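A quick write-up on the structure given underneath.
Rule-based calculations on the coordinates, nothing more; no lab input. Here the structure is a predicted model, which is why all the values come from computation and not from measurement. Using ideal geometry, Cβ is built from the backbone for each residue, glycine included, and neighbour counts are taken over all protein chains shown.
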Amino acid sequence: MFVAVGLIIMSGLVVDGISKEFLTRAEPLVVLRNASFALGPGESVAIIGPSGSGKSTLLHVIGTLDHPTSGTVEVDDENPFELDEPSLARFRNHNIGFVFQDHHLLPQLSVLENVLVPTVADGGPDNETIERAHSLLGQVGLSERLQHRPAELSGGERQRVGVARALIRQPKLVLADEPTGNLDHSNAMAIGKLLVDLQKHENAMLVLVTHSADLASLIERQLQLADGILRPC
Ligand code: ADP
Ligand code: MG
């Protein structure tokens with residue numbers, strides 16, 4: 001799926017026929033059955049499903065943290081599962097930003113340093129990247145908290161840091177797994193709006209999985225995952 005404009009190829013995310021089985025002592029556990037969807041640049045989708053429906057499994061496969069049993073994922077016409085392990089790690093680091101339910105901030109680092117952590121694999125941040133971190137932290141409302149440690153922040157503030165960190169490398173794709181699952185309703189909706197605003201501003205693609213219909217309603221398109229099958233709501 002691409003549109004050629006002169007020499008520029010604009011593409012996006014293609015998730016094509018993903019199935020995932022886990023081997024168990026008994027029969028294989030089939031979690032995903034032929035899941036498919038596509039996103040263009042700047043587009044977003046929410047995937048809704050109850051606990052245990054396979055949302056994290058799907059997100060892990062799209063994020064190249066786990067291999068599918070069958071099917072393919074392509075980001076701008078590149079199939080990451082064809083890469084060797086070091087190239088795959090580079091691909092993930094350059095193209096994908098993750099927001100987790102638990103913020104996964106490093107407790108000994110400041111807010112600013114936590115946002116810069118994804119740049120360490122490439123030798124650390126340059127001045128431009130440090131400016132970008134300041135700008136992102138301003139956009140999530142944390143300009144006055146740059147030197148705070150995670151323990152000195154509220155749950156909502158920690159998740160704002162997580163959003164800024166996910167975007168620091170200008171990823172093509174942001175993957176959010178129950179990003180507001182630990183927050184109260186009003187904080188959850190505020191973080192959801194922030195995530196969508198920033199994703200649009202950055203023209204990144206967003207796949208957000210959640211059990212919350214309210215959170216999903218903030219996103220332009222919704223799919224439902226039930227019995228391993230992904231279908232429109
Ligand atoms: P959700 O994120 O929607 O709550 P998950 O994707 O975490 O659901 O899990 C879907 C199903 O797959 C669950 O029944 C879970 O127990 C099972 N599962 C997840 N990971 C593994 C694994 N590594 N090995 C075996 N079963 C797994
Ligand atoms: Mg999950």
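Worth a mention:
- Under 15 Å from LYS200, Cα to Cα: aspartates and glutamates that are on another chain or at least 8 residues apart: GLU43, GLU220
- Across region 129-224, the relative contact order, built from alpha-carbon pairs under 8 Å that are at least six residues apart, equals 26 percent.
- Options LEU208, GLY123, GLY156, ranked by Cα towards positive dipole end of region 97-233, top entry (Cβ charges): LEU208
- For the chain, the relative contact order works out to 29 percent when only alpha carbon pairs closer than 8 Å and six or more residues apart are counted.
- Taking the C-alpha atoms only, the angle from helix 127-139 to the longest principal axis of the chain is near 80 degrees.
- Mean residue ellipticity, 222 nm, helices only, the chain: the sum of -39500 (n - 2.57) across DSSP H runs of n ≥ 4, divided by residue count and rounded to 500, is -9500 deg cm²/dmol.
- From most to least packed by mean Cβ count within 10 Å, the peptides 159-167, 198-206 give 159-167, 198-206.
- In a fully extended conformation the segment linking THR69 and SER19 would gain 17.4 nm over its present Cα-Cα distance, using 0.36 nm per residue.
- Folded to 0 to 90 degrees: helix 85-95 orientation relative to the chain principal axis, Cα: 60
- log₁₀ of I(q)/I(0) at q = 0.07, 0.12 Å⁻¹ - the chain, Debye sum with one point per alpha carbon: -0.22, -0.67
- Relative contact order of region 1-130, taken over Cα pairs closer than 8 Å and 6 or more residues apart, is 22 percent.
- Sorting 105-118, 74-87 by their mean Cβ neighbour count within 10 Å, with the most densely packed peptide first, gives 105-118, 74-87.
- Spread over its residues, the convex hull of the C-alpha atoms of region 43-96 is 99 Å³ per residue.
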